[in-house]
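Contents: one structure, followed by commentary.
The values are calculated or read from the model by the stated rules, or taken from the named source; none is laboratory data. Nothing here was measured: the structure is a model prediction, and the numbers come from that model. A quick note on method: Cβ atoms are made from the backbone with ideal geometry, for glycine too, and the neighbour counts reach across all protein chains shown. For accessibility, only protein heavy atoms count, side chains too; no ligands or nucleic acids. Shrake-Rupley method; radii C 1.70, N 1.55, O 1.52, S 1.80 Å.
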Amino acid sequence: MISVTFQPYSVAYSGTIIVSAFEDRTLSASAKKLDLSLKGALTRAMATQGFSGKAQEVCLLLAPTADIDQVVIVGLGKESTCTPSCIEESGGCAFTHLHVQEALVLLDPLSNIPHPELSFAEGMLLRSWAFDKYRTVKPTKARQKLETLRVATANPGAAQKTFASCEYRIQGVLETRALVAEPANVLFPASFATRAQEVLAPLGVHVEILGKKKLEQLGMGALLGVAQGSTHDPSLVVLEWNGTPKNKTAPIAFVGKGLTFDSGGIDLKPQKGMEEMIHDMAGAGAVFGLFKTLALRKARVHAVGILGLAENMPSGSAQRPGDIVKTLSGKTVHILNTDAEGRLVLADALWYTCDRFKPRILIDLATLTGSIVSALGTEFAGLFSNDEQLATHLIACGNKTGEKLWRLPMTEKFDKDIDSDVADVKNLGTSGEGGSITAAQFLKRFIKEPVAWAHLDIAGTAWTRKDSALAPKGATGFGVRLLDALVQEYEAA
Ligand code: BES
Ligand code: MN
Ligand code: ZN
């Protein structure tokens with residue numbers, strides 16, 4: 001990762017300098033000073049390049065003096081609507097324009113945003129990640145050159161401390177991305193579980209792995225049914241972080257869908273885009289990354305994370321449409337489509353979590369339905385909840401972190417849609433309407449109430465088909481920052 005150091009504003013500037021401007025070319029105070037010392041070169045560069053200061057617009061001024069190699073002016077948009085995530089995205093955007101090993105961020109304090117220079121640096125670090133471990137010839141693209149980032153700030157000592165917590169969060173996000181990007185021949189349930197042992201256990205997370213035998217003894221027929229067509233055995237990983245050992249309150253729980261590959265099974269998916277189904281474990285990946293962050297920053301909270309891991313494959317031993325399976329809860333499920341497998345894995349994982357931990361709150365993350373992508377696109381993840389307060393909290397955390405949520409309804413009518421003629425429930429709605437909602441209704445049947453529960457359908461947000469402001473195309477790491485913000489609300493003061 002890029003190393004970030006802090007320095008006072010008073011240090012003389014040289015090398016590559018990044019400054020900011022709001023819309024209508026209003027340079028920040030430090031940028032104005034620089035402009036003055038450069039005899040108006042920044043003002044002229046903005047005018048010549050037609051730069052107006054819109055969010056994520058960039059203007060480059062090359063070699064204005066013998067000491068200054070380059071000034072990068074980044075647009076922040078309108079000051080009145082600027083948020084921490086706008087600043088992060090501008091940072092990510094500035095990063096893609098750098099071709100040097102070292103740069104100075106020269107941003108000024110803002111009245112409505114606590115530490116814009118830290119948000120900016122966070123955005124740069126997030127955008128700098130790349131998945132190139134399998135390239136034997138590394139891309140020569142300059143984007144990977146940046147090694148040191150110097151950041152001007154009012155109080156360097158304090159900033160260094162505050163930024164440490166940002167770095168823990170970033171490390172969690174990048175851990176999730178690295179897992180999600182991993183191909184399914186490398187990341188399968190057993191290797192995923194091993195990774196938890198290797199990465200999280202040394203940080204103080206208690207890691208428990210339930211293998212196929214144990215799942216059979218427990219009676220997790222739904223999870224086992226999904227995995228039975230694959231040569232890879234399923235697994236359930238239980239993560240536990242207890243940052244408040246003296247406090248015996250019930251834990252907060254996170255459950256992740258971890259399909260290391262979803263071919264659809266006997267109801268095979270079409271060829272186009274099937275390779276992307278390596279990211280069907282992004283829910284479990286987000287829970288994994290979250291626990292890395294919680295452990296690194298020694299969060300004062302009792303949290304459990306449950307990863308439901310399986311591979312959905314067609315074969316002679318695969319589950320068939322028409323099969324009836326018995327879940328851990330005792331309820332039976334009529335399988336109508338083997339591609340609606342995520343809810344089956346979650347049915348057992350959710351019931352297990354409720355039964356064993358009786359959590360205060362329970363949040364599951366899953367790349368559950370294509371319908372959520374039709375409904376909300378890639379800007380919002382779907383939120384479903386049986387608890388007003390939890391839903392409100394989550395939406396607020398989403399707005400704060402930029403990992404935004406949009407709530408969708410749950411009602412008895414939608415619930416009726418999954419009643420089965422031959423079993424207790426079926427894994428597909430009759431009407432074919434509101435597919436994301438009927439999926440959420442299915443999950444709700446495996447929540448042991450009373451527990452405040454929320455389901456996040458991240459099928460549209462976990463993976464991006466084009467480069468975004470904070471991530472190159474592929475895995476986004478969605479959910480880690482959102483849930484880290486939520487956990488902070490539950491932490492002991
Ligand atoms: N993993 C998919 C959902 C998905 C779609 C994730 C696009 C990421 C991007 C899920 O298991 C699935 O196949 N859902 C089906 C459900 C249908 C058969 C009821 C879908 O959405 O088509
Ligand atoms: Mn599927
Ligand atoms: Zn799936």
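General observations
- Subset tally (residues that are open to solvent by 20 Å² or more (accessible area, probe 1.4 Å) and not in a helix (DSSP H, G or I)) for the stretch 479-493: 3
- When G265, G283 are checked against the criterion of being on the phi > 0 side of the Ramachandran plot, within 16 Å of ligand 3 (Cβ to nearest atom) and open to solvent by less than 30 Å² (accessible area, probe 1.4 Å), G265 stands alone in meeting it.
- Of the residues making up the stretch 373-407, those that are in contact with an Asp or Glu (Cβ under 7 Å, 6 or more places away or on another chain) and open to solvent by less than 10 Å² (accessible area, probe 1.4 Å) number 2.
- Scan of the stretch 341-366 for residues that are open to solvent by 10 Å² or more (accessible area, probe 1.4 Å) and within 16 Å of ligand 2 (Cβ to nearest atom), ordered by number: R343
- Among the residues of the stretch 388-407, not a single one is under 28 Å from F261 (Cβ atoms) and hydroxyl-bearing (S, T, Y).
- Counting only helices (runs of 4 or more DSSP H) wholly contained in the stretch 143-260, the ones carrying 1 or more residues that are charged (D, E, K, R) and open to solvent by 10 Å² or more (accessible area, probe 1.4 Å) occupy 156-181, 189-195, 212-218.
- Residue identified as within 30 Å of G322 (Cβ to Cβ) and modelled with pLDDT of 95 or more among L203, L239, L290, L224: L224
- Tally, over the stretch 254-293, of residues that are within 21 Å of the chain's Cα centre (by Cα) and more than 20 Å from A462 (Cβ to Cβ): 0
- Members of the stretch 401-436 that are of a type in the set (A, V, I, L, M), free of Cβ contacts under 8 Å to residues at least 60 places away in the same chain and closer than 25 Å to L223 by Cβ: M410, I418
- Here D387 does not fit the description of being assigned by TED's automatic domain parsing to the domain that holds A462 and within 15 Å of ligand 1 (Cβ to nearest atom).
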